[in-house]
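Novice: Can you keep this structure in mind? I'll have questions shortly.
The values are calculated or read from the model by the stated rules, or taken from the named source; none is laboratory data. Just so you know, these numbers come straight off a predicted model, no measurement behind them. So basically every Cβ, Gly included, is an ideal-geometry build from the backbone, and we count neighbours across all protein chains shown.
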Amino acid sequence: MFGPVLVYAATLAAPATSAAAHDGNSNGPELRETRLEHLSADDVLALAGKLIDAGRYEEAQVLLDRLAADGAGGVERAFLDGMLALARKDYPQAERLLRKILEGDPSLVRVRLELARTLFLAKKDEQADYQFRLAIAEHPPETVIANIARFREAIRARRAWRFNVNIGIAPDTNINSATNKEQVDIFGLPFKLDDNARARSGIGMVAGGDASVRLWRFSKVPVYLGAYGRVLRYKDHDFDDIYVGGEAGPEFRLSGGRLRATATAFQRWYGGKDLVTSLGGRLNYDKVIGGKLGIDASLAFRRDNYARRRDLDAWAIEATLSANRAISLSAIGFAYTTVRRSIAHEPGYSNWNARIGGGVLKEIGWGLRPQLGIEVGRQINDERLGVFGRTRRDWSLQASASIYKRDWNIAGFAPSVKVTWSRTYSTIAFYDQKRLRTEFGLTKAF
């Protein structure tokens, strides 16, 4: 119960008692004196909710402030504070309040749905889509699922552009992707490897990003433009690794999804010198099924031309399938598989390569979002590599763990840490390698 206090509150079903009611100028719920001393916290919360629905925000604020002063109302009061901020179009405040509730209890579906709607209205589309995906994991009613599907489709339809950038430092035990073996067999004889040909450790500075834009997105055939790149620099510039790429082409609506047909280009430099130029094309199809399962399939072909190694020049075709869906109100699972066929100028370098992987991303409170992933790969070359006298056959393993601190902000950038361990077992010692790489970064999404 509350002590004696007198406030003016809107009584939605009460008879008109104000002066405005008698002079014919009333435009909504009327005001009357409402005493709170005999009302429970639940009664006051119910009244505050009605006031918000009626657009009487100041009066609702008075009630919620009184509850806060008395330490009453708990999560429901915090939720109504968030809804009041949302009604006032104070999206940053609404987001902050709703996220704080979910940090305490991520199982609150209604709160997560309202957070998703807040982010949608604030045009934070990727974050909104992420929250909608989590909410659907609780198997809400079909009407809610249908509504979520409409929101997610609206996000996809209105997304005109996106831009992500990251910077960081990357300690690495194998900056040159080389073997730790001291010797390899060449033409059947053992040769000791020079130190520069063996795995070397170092700390690199990394900067990268990606951007895309959809032109004429409301027309029948929008045009998609995308670009990406990364710069990795070391003290010893012989191991600097830089690449850029891009794609452009029309986009079509097909069976509730989007089919994109693009021309692609890629250029990579290593140690300050040209390494490879690739030109090709790609078909990509993505769709959200029932508002729950996101799928992405692509088929790409390209021509790889190496600057100083004609024997490595190759035609390549690659098929990829990936899927993701929420597995709980705070976790999203993902899986993918890729198969690539490469036909090189030198038959010994032609190969089949397949990879399969998956992982989980989870909200754990305090603004932290860890992600775990694992991948297994297999490569089988067509013929013997003449210099080694063997056919290359590899198994590769990779495990990664990363964590992102969403609510920390350094000049608009959020901090992240990622650790990746990889191991390649090969029938040819020269390609047998292991690696541990850590990246401390700052990420910003626009």
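Novice: For segment 297-337, give me each residue that is under 20 Å from Val376 (Cα atoms), within 16 Å of the chain's Cα centre (by Cα) and of a type outside the set (A, V, I, L, M).
Specialist: Ser322, Asn324, Gly333, Phe334, Tyr336
Novice: Continuing with this model, one more query. Taking into account only those residues within segment 146-187 that are aliphatic (A, V, I, L, M) and farther than 27 Å from Pro222 by Cβ, which is nearest to the chain's Cα centre (by Cα)? Write out each step before concluding.
Specialist: Initial filter on segment 146-187 (aliphatic (A, V, I, L, M)): 146, 148-149, 154-155, 157, 160, 165, 167, 169-170, 175, 178, 184, 186.
Now restrict to residues that are farther than 27 Å from Pro222 by Cβ: 167, 169-170, 175, 178, 184, 186.
Values: Ile167: 17, Ile169: 21, Ala170: 21, Ile175: 27, Ala178: 31, Val184: 42, Ile186: 45 Å.
Looking at the filtered set, the residue picked out is Ile167.
Novice: Out of the residues in segment 69-78 that are assigned to a helix (DSSP H, G or I) and not hydrophobic (A, V, I, L, M, F, W, C), which is surrounded by the fewest Cβ atoms within 10 Å (Cβ to Cβ)? Working first, answer last.
Specialist: First, the residues of segment 69-78 that are assigned to a helix (DSSP H, G or I): 69, 74-78.
Then keep just the ones that are not hydrophobic (A, V, I, L, M, F, W, C); that gives 74, 76-77.
Values: Gly74: 12, Glu76: 17, Arg77: 20.
Checked segment 69-78; the qualifying residue surrounded by the fewest Cβ atoms within 10 Å (Cβ to Cβ) is Gly74.
Novice: Quick one: Glu142 ticks every box in (1) out of contact with any helix residue (DSSP H, G or I) (no Cβ under 7 Å at 6 or more places or on another chain); (2) among the acidic types (Asp, Glu); (3) in contact (Cβ under 8 Å) with a residue 24 or more places away in the chain; (4) closer than 18 Å to Leu329 by Cα bar one, so which box is it?
Specialist: If we test Glu142 against (1) out of contact with any helix residue (DSSP H, G or I) (no Cβ under 7 Å at 6 or more places or on another chain); (2) among the acidic types (Asp, Glu); (3) in contact (Cβ under 8 Å) with a residue 24 or more places away in the chain; (4) closer than 18 Å to Leu329 by Cα, just (3) comes out false.
Novice: Farther than 16 Å from Gly373 by Cα, part of a helix (DSSP H, G or I) and of a type in the set (A, V, I, L, M, F, W, C): does that describe Phe430?
Specialist: Numbers: farther than 16 Å from Gly373 by Cα: yes; part of a helix (DSSP H, G or I): yes; of a type in the set (A, V, I, L, M, F, W, C): yes.
In short, yes.
Novice: Of the conditions (1) part of a helix (DSSP H, G or I); (2) farther than 29 Å from Ala211 by Cβ, Pro106 satisfies every one except a single condition; which number is it?
Specialist: (1)
Novice: Taking the options Arg133, Arg112, Arg96, Arg117, name whichever one is closer than 16 Å to Ala326 by Cα, among the basic types (Lys, Arg) and either at pLDDT 90 or above or outside any helix (DSSP H, G or I) (or both).
Specialist: Details: Arg133 fails: either at pLDDT 90 or above or outside any helix (DSSP H, G or I) (or both); Arg96 fails: closer than 16 Å to Ala326 by Cα; Arg117 fails: closer than 16 Å to Ala326 by Cα.
Arg112 is the lone residue from the list that is closer than 16 Å to Ala326 by Cα, among the basic types (Lys, Arg) and either at pLDDT 90 or above or outside any helix (DSSP H, G or I) (or both).
Novice: Give just the number: which of (1) at pLDDT below 90; (2) of a type in the set (A, V, I, L, M); (3) more than 18 Å from Arg309 (Cα to Cα) does Ile380 not satisfy?
Specialist: (1)
Novice: Is there any pair with a first residue in segment 363-379 that is among the acidic types (Asp, Glu) and a second that is modelled with pLDDT under 95 and surrounded by 13 or more Cβ atoms within 10 Å (Cβ to Cβ) whose Cβ atoms are under 8 Å apart and which are 6 or more apart or on different chains, and what are they?
Specialist: Glu363/Leu102; Glu363/Pro106; Glu363/Leu134; Glu363/Ser330; Glu363/Ala331; Glu363/Arg369
Novice: Right, Ser400: buried (at least 16 other Cβ atoms within 10 Å of the Cβ), more than 27 Å from Ala344 (Cβ to Cβ), at pLDDT below 95 and of a type in the set (Gly, Ala, Ser) or not?
Specialist: Details: buried (at least 16 other Cβ atoms within 10 Å of the Cβ): yes; more than 27 Å from Ala344 (Cβ to Cβ): yes; at pLDDT below 95: no; of a type in the set (Gly, Ala, Ser): yes.
Here the answer is no, as Ser400 does not meet what is asked.
Novice: Name the strands (runs of 3 or more DSSP E) wholly within segment 312-402 that hold at least 2 residues that are among the hydroxyl-bearing types (Ser, Thr, Tyr)?
Specialist: Output list reads 314-328, 331-344.
Novice: Here is a list: Asp81, Asp65. Which entry is in a helix (DSSP H, G or I), out of contact with any Ser or Thr (no Cβ under 8 Å at 6 or more places or on another chain), among the charged types (D, E, K, R) and surrounded by fewer than 18 Cβ atoms within 10 Å (Cβ to Cβ)? Steps first, please.
Specialist: Details: Asp81 fails: surrounded by fewer than 18 Cβ atoms within 10 Å (Cβ to Cβ).
Answer to the selection: Asp65.
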